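Below: one structure, written as structure tokens.
The values are calculated or read from the model by the stated rules, or taken from the named source; none is laboratory data. Just so it is clear, the model here is predicted, and its values are computed rather than measured. Reconstructed Cβ throughout: ideal geometry from the backbone, glycine too, with neighbour counts over all protein chains shown. Note: accessible area is taken over every heavy atom of the protein model, side chains too, but ligands, DNA and RNA are not part of it. Shrake-Rupley method; radii C 1.70, N 1.55, O 1.52, S 1.80 Å.
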Amino acid sequence: MLRRATYRIQLHQGFGFDDAAGIVPYLADLGVSHLYCSPFLQAAAGSTHGYDVVDHEKLNDELGGRAGYARLGAALDEHGLGQVLDIVPNHMASSGGRASRWWWDVLENGPSSTYAAYFDIDWEGSEDKHDHTVLAPVLGDHYGRVLEDGDLVLERDDGSVVLRYFDHELPVSPRTLDGIVGAAADITGSTELAEIAKGLGDLPHAERTDRRAVADRHRDKELWRERLADLCRDEADVADAVDAELAAVSADPDRLDALLARQNYRLASWRTASEELDYRRFFSIETLVGLRVERDEVFADTHRLVLGLVAAGTIDGLRVDHVDGLQDPQGYLDRLRHDSGGAYTVVEKILEPGEELPRPWPVEGTSGYDFVTRMGNLLVDAEGEAAMTGAYAAFTGELAAFEDVVHTSKLQVMRDELAAEVDRLTRLLRSLTDQRRRHRDHTRRELREVMCEVLAAFDIYRTYVHPSRPVAAADRGRIDAALAAAAERRPDLDGELLDLLGRVLTLEESGEKVPELALRFQQVSSAVMAKGVEDTAFYRYHRLISLNEVGGDPGVFGRSLDDFHTETAKVARDWPDALLTLSTHDTKRSADVRARIHVLSEIPALWADRVTAWAERNEVHKRDGLPERNTEYLLYQTLVGAWPLSRDRLVAFMEKASREAKLHTSWIDPDPVYDEALVAFIDAILGDHGFIADLESFLDEARITSRGRANALTQTALLLTTPGVADLYQGTELWDLSLVDPDNRRPVDYQQRRRVLAEVAGLDAVDAGRHGEAGGTKLWMIRRLLADRRLRPAAYTGDTYEPLEVTGPADRHVVAFRRDGLAVVTPRLVGGLDGGWRSTVVDLPSGRWRDVLSDRHVDGGRQDLRDLLAVFPVAVFAPAGASAGSGS
């Protein structure tokens, strides 16, 4: 099926398969070609997003299971829509209890588990207490305190025993039950129970990983478990004796401690995870455990259901989540391409400025964050940079460049949240230096500092070096640049040690551990980038927060029209079927919020004056000077971008932002004094009618709303007309002033959208332009352009993209280009158009043209923009002889 546009929905218990089926007629009327679903394999109970998969062989029961999914498929078929699915190969949830049966088996059986090799676990560890165990950081306090408080309880479940800690449930290894079952046998005199106790104790030790021992352990433990279950069911006195012994052990901290010491996991406080975790995870979330999908059996077992749906034609497109977390992204994608039969595939890959998607990857492109960055660079006025930088510095006292904020943030997350990952890399480096006489005197501290500085110096998520392929020139260049940057920033670091690490990362050094260190370094650098930049620096650097978006560089303050055209032409040539997006479930702010805040770049003096006045007025609302000026600056920009918004939404956003910044408070170590002062400040200014009046006066005076909507129409038009497959995020077809998740995952009012669509469907451009208040203008334009894409698909595909010549005093305010059978003209930087177009003209291709939006006809050649954009703020031209579609 030809991909025209996707519509991304977030599935969860409150919006399942049947709810999705219910909006399919609306989506068909809107004009999209594909429903794009968040992950829908069985997730942890109550999951709000689906990325915490617990069972890859089931469709999520909370969404409606197989029956509900079949009904969704029938609705899609009936209306001619395809389906794209978000898949999660990097990790799965450990928080699902027995529902996560692979992880449950690992906890029960340790290295001897059938699934031990499915997860990226360091069974050796760095200290004796870690050997052959996996950390279980689920406790709310120190282990000993929890134990002595009696919060850990053993319970029998048929022939198994589980350990309960409030809502947490963990298995008890059958081999360690010999003493408890034996004591119950002594009480009852049951010879069969005694035999079961001996059989349990004779099970192969969990440290044994040879195939025979693993098979024997799994076979025999199930036999003994079933015999114990049968005996307890048949003989009440036996069941009572076993339960009594479990209760006795639970009540005795010493005996319970001795039993837990024999388990294949080490119970610990949740705070230990950042420093002592012994398995790879998704970023810093310890409940999402890294999968070794590079292993054939893991790939097969995690993809069987999804690939079956692809083979059946139910799914015809895949979006791969967090591809940079995988050990070998290219190897994974090669297999996915083969096993899916060449299904359309895009990857969630964050391309940093100057970075390109590896050409050998067998994918159609990225999931679209690079388009978000292109739009930000296009709609922010670079000429306002100096003034906006000065305003930010004057207001906050913040003088550090963004790159320095990033460096500091990365070092902090490596010291705190990702300390365990860095320690694992440091141990691997230590194993190499210990074998080299020129390096064996390096201390652990020196090795760790070199590791951290090089990780912090990477300006991309990762490289893609792998033993099976030659090192790409781009990867070698990134590694050399990072080493040079680390050496420049820290001249005290040993140059020879840096060189050694460089040779390791390019696989030019010998040694058993070299490939493992090189591969793990790339996975960790991805996490450091995500946590250090997206989840820390973006919440610290607030010069213009509309640029603080996934894949963006807030240090770059707008770019030229030539840059936009060059980058878009490259997309047309290299990745014409890539996904394009403006808002996602992960964007920090919706596209419409960013569109508003972009306007500030055009009015820096007015903004500086007003924000200074607000601060002076609101100083009385602070507690001991809190919140500090940098957070206050973020708050005012947020109000400008999302007003009106409720108190609860604003508080939730600012609490998240301040804790992600990790400067005055954090998720790990919240500061109640700061947190309470921030909330009190928000309550006070929202209750200050004079301030609110002045805020609304500024929005009106600076025409923030109208100019923001103009920006929004421009970026939406470009989403639908530039090379690529447009992706609309749920609800954003109307004006959407959402903030970071969970705000952007709020329920969508589809009744309202159906009603507005019905109201605007048959309108002309003039009347549609009058429906701007609720977003009807935007919805009308989307439907109109999607209708044209349906009628004339060839005009929107292919590798042709050429800028059109624009001349005149307002030429920098026009984005104009042509594709095969298509010409597009949109405004940009509309704040600078108060004087009008002033005889600015665009040179349309020769021939007769019809505006798809206004239905006006014009001739090719020089056209005055005052005429072209008089009816509607965007013009999209088709050859006059092409089929016309009103979208009705």
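Applying 1/(1 + (r/R0)^6) with R0 = 56 Å to the Cβ-Cβ distance of Arg101 and Ala473 gives a FRET efficiency near 0.80. Each residue of the range 96-108 was assigned a 3J(HN,Hα) from its phi angle through the Karplus expression (A = 6.51, B = -1.76, C = 1.60, θ = phi - 60°), giving x, x, 5, 5, 8, 5, 5, 5, 4, 5, 5, 5, 6 Hz with x at Gly and Pro. Taking the range 397-480 on its own, what percent of its Cα-Cα pair distances exceed 18 Å? Counting every Cα pair in the range 397-480, those more than 18 Å apart make up 56 percent.
DSSP assigns beta bridges within the chain; of those with both partners inside it, close to 60 percent run antiparallel. Here the range 165-181 is scanned for amide nitrogen atoms under 14 Å from the site 7 Å beyond the Cα of Arg255 along Cα-to-Cβ, giving 177-181.
Here the convex hull built on the C-alpha positions of the chain has a volume of 175 cubic angstrom per residue. Distant-in-sequence amide contacts of Leu580, defined by a placed amide H-H separation under 5 Å and a gap of 5 or more residues or a different chain, comprise Val725, Ala726, Asp727. In a fully extended conformation the segment linking Asp864 and Asp669 would gain 64.2 nm over its present Cα-Cα distance, using 0.36 nm per residue. Among the GluC sites (Glu not before Pro) found in the range 127-171, those both in a DSSP coil and sparsely packed, with 14 or fewer other Cβ atoms within 10 Å of their Cβ, are Glu127.
Tell me the Kirkwood radius of the range 519-677: reciprocal of the mean inverse pair distance over distinct alpha-carbon atoms, in Å.
17.8
Taking the DSSP beta bridges with both ends in the range 1-127, the antiparallel portion is around 35 percent. Name the residue from Ala93, Leu428, Val533 whose Cα lies farthest towards the positive end of the charge dipole of the chain, charges +1 on Cβ of Lys and Arg and -1 on Cβ of Asp and Glu. Farthest towards the positive end: Val533.
Taking Lys and Arg as +1 and Asp and Glu as -1, the other residues whose beta-carbon sits under 15 Å from that of Ala5 total +3. Protection proxy ranking for 616-627, 254-265, 16-27, 354-365, using the average of other Cβ atoms within 10 Å per residue and placing the highest first: 16-27, 254-265, 354-365, 616-627.
Using the Cβ-Cβ distance between Glu508 and Asp210 with R0 set to 30 Å, the FRET efficiency from 1/(1 + (r/R0)^6) comes to roughly 0.30. Remark: the Val679-Val766 segment gains 26.9 nm on full extension, using 0.36 nm per residue and subtracting the alpha carbon distance. Geometric descriptor of the range 805-888, per residue, is 90 Å³ (volume of the convex hull of the Cα atoms).
The charge dipole of the chain, taken about the Cα centre with unit charges on the Cβ atoms of Lys, Arg (+1) and Asp, Glu (-1), comes to about 2900 debye, rounded to the nearest 20. Picking from Leu260, Ala273, Val310, whose Cα lies most toward the positive end of the charge dipole for the range 259-313 (charges on Cβ: Lys, Arg +1; Asp, Glu -1)? Result: Leu260, furthest along the dipole toward the positive end.
Basic side chains Lys and Arg get +1 at the Cβ, acidic Asp and Glu get -1 at the Cβ, and with that the dipole of the range 190-232 about its Cα centre reaches some 180 debye. Amide H contacts for Arg469 (H built 1.01 Å from N in the peptide plane; partners 5 or more residues away or on another chain; cut-off under 5 Å): none found. When peptides 701-713, 186-198 are ranked by their average number of other Cβ atoms within 10 Å per residue, the highest-first order is 701-713, 186-198. Stretching Asp151 away from Glu275 to a fully extended chain increases their span by 42.2 nm, per 0.36 nm per residue minus the current alpha-carbon distance.
Please report the orientation-averaged projected area of the range 609-713, defined via the convex hull of its C-alpha atoms, in nm².
7.0
For the chain, the solvent-accessible area works out to 37 Å² per residue, with a probe of 1.4 Å and every protein chain left in place. The portion of the accessible surface of the chain made up by carbon and sulfur, rounded to a whole percent, is 48 (1.4 Å probe; DNA, RNA and ligands excluded). Solvent-accessible area of Glu286, all protein chains in place: 40 Å² (probe radius 1.4 Å, heavy atoms, ligands and nucleic acids excluded). Using only helices, what value at 222 nm comes out for the chain when you add -39,500 (n - 2.57) per DSSP H run of length 4 or more and divide by the total residues, to the nearest 500 deg cm²/dmol? Value at 222 nm, helices only: -14500 deg cm²/dmol. Global size of the range 694-837: 16.7, 50 Å for Rg and Dmax (C-alpha atoms, Rg to one decimal, Dmax whole).
Around the amide H of Arg266, modelled in the peptide plane, lie the amide H atoms of Val134, Leu135, Ala136, all under 5 Å away and 5 or more residues distant in sequence or on another chain. Counting only Cα atoms, the range 276-365 measures 44, 36, 19 Å along its principal axes, largest extent leading.
Under a model in which nothing but the beta-carbon of Lys, Arg (+1) and Asp, Glu (-1) is charged, the range 540-685 shows a dipole of about 180 debye around its Cα centre.
Expressed in Å, the radius of gyration and Dmax of the Cα atoms of the range 27-126 are 17.3, 59. Ordering of 457-466, 390-399 by packing is 457-466, 390-399, highest average first (other Cβ atoms within 10 Å, averaged per residue). Would you work out which of Asn548, Ala882, Ala67 lies farthest towards the positive end of the dipole of the chain? Charges go on Cβ: Lys and Arg +1, Asp and Glu -1. Most positive-ward Cα: Ala882.
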